[in-house]
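Notes follow the structure.
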Amino acid sequence: MTKKYFGTDGIRGKVGEGMMSPEKVLKLGWAVGRVLASHVQTDTHGNRWNNRVVIGKDTRISGYMFESALEAGLSAAGVDIELLGPMPTPGIAYLTRTMRASAGIVISASHNPYYDNGLKFFSPQGEKLDDDLEHEIEAMFESDMEIVESSSLGKAHRVVDAHGRYVEACKATIPMNIRFSGLKVVLDCSNGATYDIAPKVFSELGAEVITIGDKPDGLNINLDCGSTHPEHLVTRVKVEGADLGVAFDGDGDRVLMVDHQGEIVDGDELLYLIARSRLSDGEDIGGVVGTLMTNLGMELAVKALGLDFARSKVGDRYVLEMLNEKGWTLGGESSGHIICLDRTTTGDGIVSALQVLAYLAKENISLHDAVGGMNKFPQVMINVPLQGSGDPMQSAAVQQAVEQAEAKLDGRGRVLLRPSGTEPLIRVMVEGEDELLVSQLANDIAAQVENAAQAA
């Protein structure tokens, strides 16, 4: 059954439109509270858990408005609220679990500009809500809002030590004997939720930290900075003569790195390094989960380590589903959304970066040299806008172009066409060993998709 409001990662949209209006968010808070109340668990002694929700947010200006709206809606449903303030998404997941809350809510539109916002939800275990629960919330949202008796209204509290708890949790994901003394690192916090926490984590572990993108004003989140715009980080790493750079996105669940030569190291390469790290520690991780967009070079490199590899649909929730299905612990996307289930319950930019840096420190090698064990295939992706309601992917001309491209790649590359989950686009991706051939094939297929879209 298709969900009406929830996407692959919660609810997201332009502030003031659709579900991202204060009145809609207020009612959504109420709906979440009502559904949670019907699922209240008991402990081993039969005592009911406190029905309370933790709320955190990134640094965009609309967060104040939506925080208040959620607080009102949850209170109307009789749910207590713990306010965390600006906090990375994985930090909210962690505190949801450790504070034994009924749920966690993140107010963030991740890597989107400031004029967008969204809501993500976590279970008591610090994991994304399952589909059944999201369907329940949608059904409750469409019912009439009924406020509990005044004596049963929820109360709100501000958690004053939230940042400190999460800083310690991040540091605890690497061995106690690992220190980053002598390491000069530039952090790009994307003017987002990691602006205060990330510098503390890395400096407390001994690194010399230079920080950019650490002055959020509500409007500059992800603006020409962070993991979606690493150009300034590249320049700063070179100017400072730093050992490496680390870039987070606005809500802190993604990470990219830059080596000392200014080369960008993406999520595929970082995931490969973390897998190598686990193997060097003698851990049995079984295999690694990527997505349909994961570079073929990463797949081959992982298999060369003697590990299995599997691809999920694009989206971290699908990566997580496949990890749980296979009983593995490592997975992620080239965007830098990396999940280390042996360390945390969701994608975490800071924790993922720490795993890589701990490996470099243990092996006493540079990021540049470490990545040398993986050769990425040239990859070209073209977004083709959709004009009407037709499906160009069913076009005979498009299918013929794909077949011809695959024949020319001769088993040493991939062709992938997929509709965007968030925009009216068909994404055309081709990868292979020959960059010129890859580009030519991608443009040929994109032209056929465009023709088919116009004819539809």
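The values are calculated or read from the model by the stated rules, or taken from the named source; none is laboratory data. None of the values given here were measured: they were computed from a predicted structure. Don't worry about glycine lacking a Cβ; one is built from the backbone with ideal geometry, like all the others, and counts go over all protein chains shown.
Can you find even one residue in the range 167-180 that is outside the structural domain of V106 (by TED's automatic domain parsing) and closer than 24 Å to G262 by Cβ? There is at least one residue in the range 167-180 that is outside the structural domain of V106 (by TED's automatic domain parsing) and closer than 24 Å to G262 by Cβ. Annotation note: Cβ proximity below 9 Å between a residue of the range 379-400 that is at pLDDT 90 or above and a residue that is crowded, with 18+ Cβ neighbours inside 10 Å and assigned to a loop (DSSP other than H, G, I, E, B) (sequence gap 6+ or interchain) occurs for Q379/M293; Q379/N295; Q379/S334; M381/M293.
Report yes if some residue within the range 414-437 is part of a helix (DSSP H, G or I), modelled with pLDDT under 90 and not assigned by TED's automatic domain parsing to the domain that holds M293; otherwise report no.
No, the range 414-437 contains no residue that is part of a helix (DSSP H, G or I), modelled with pLDDT under 90 and not assigned by TED's automatic domain parsing to the domain that holds M293.
Among the residues of the range 179-231, those that are over 20 Å from S110 (Cα atoms) and charged (D, E, K, R) comprise R179, K184, K200, E204, E208. For the range 417-448, residues that are of a type in the set (A, V, I, L, M, F, W, C), closer than 18 Å to F377 by Cα and surrounded by 16 or more Cβ atoms within 10 Å (Cβ to Cβ) total 8.
Could you list, in sequence order, the residues of the range 95-118 that are among the hydrophobic types (A, V, I, L, M, F, W, C) and in contact with a helix residue (DSSP H, G or I) (Cβ under 7 Å, 6 or more places away or on another chain)?
Result: L95, A103, I105, V106, I107.
Just to be sure before I move on: is D249 surrounded by 24 or more Cβ atoms within 10 Å (Cβ to Cβ), assigned by TED's automatic domain parsing to the domain that holds V319 and not aliphatic (A, V, I, L, M) in the structure I sent? Yes. Restricting attention to the range 109-120, the residues that are in contact with a strand residue (DSSP E or B) (Cβ under 6 Å, 6 or more places away or on another chain) and either of a type in the set (G, A, S) or buried (at least 24 other Cβ atoms within 10 Å of the Cβ) (or both) add up to 4.
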